[in-house]
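The values are calculated or read from the model by the stated rules, or taken from the named source; none is laboratory data. This structure is a prediction, so every number in the text was calculated from the model and none was measured. So basically every Cβ, Gly included, is an ideal-geometry build from the backbone, and we count neighbours across all protein chains shown.
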Amino acid sequence: MAQKSLEERVDMLEQRVELLIQLPERVSALETQIVLLRDEMRAEFSATRADARERDEETRRFMRVLYEDLVARLELLGGSNDER
């Protein structure tokens, strides 16, 4: 394996330093994206919880109506048996 010349080694080092110089800017951009994602997720989870609560209340109301209808039907059936 041949050793690289000093010029080649300096060129490689310059390329690496150039990448390292860009790193803080890239990390800052990534941090901004993460903050935006976190805010979007928080809003979506909040909306999902609100929707679930609304649907839960709707289901409870419907179950109550069905229960009251069942009780009324049972009373009618029970009342007709007493008359016979």
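Overview of values
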| item | result |
| --- | --- |
| The one condition in (1) modelled with pLDDT under 95; (2) surrounded by 10 or more Cβ atoms within 10 Å (Cβ to Cβ); (3) of a type outside the set (Gly, Ala, Ser) that Arg38 fails to fulfil | (1) |
| Count of segment 30-84 residues which are within 37 Å of the chain's Cα centre (by Cα) and aliphatic (A, V, I, L, M) | 13 |
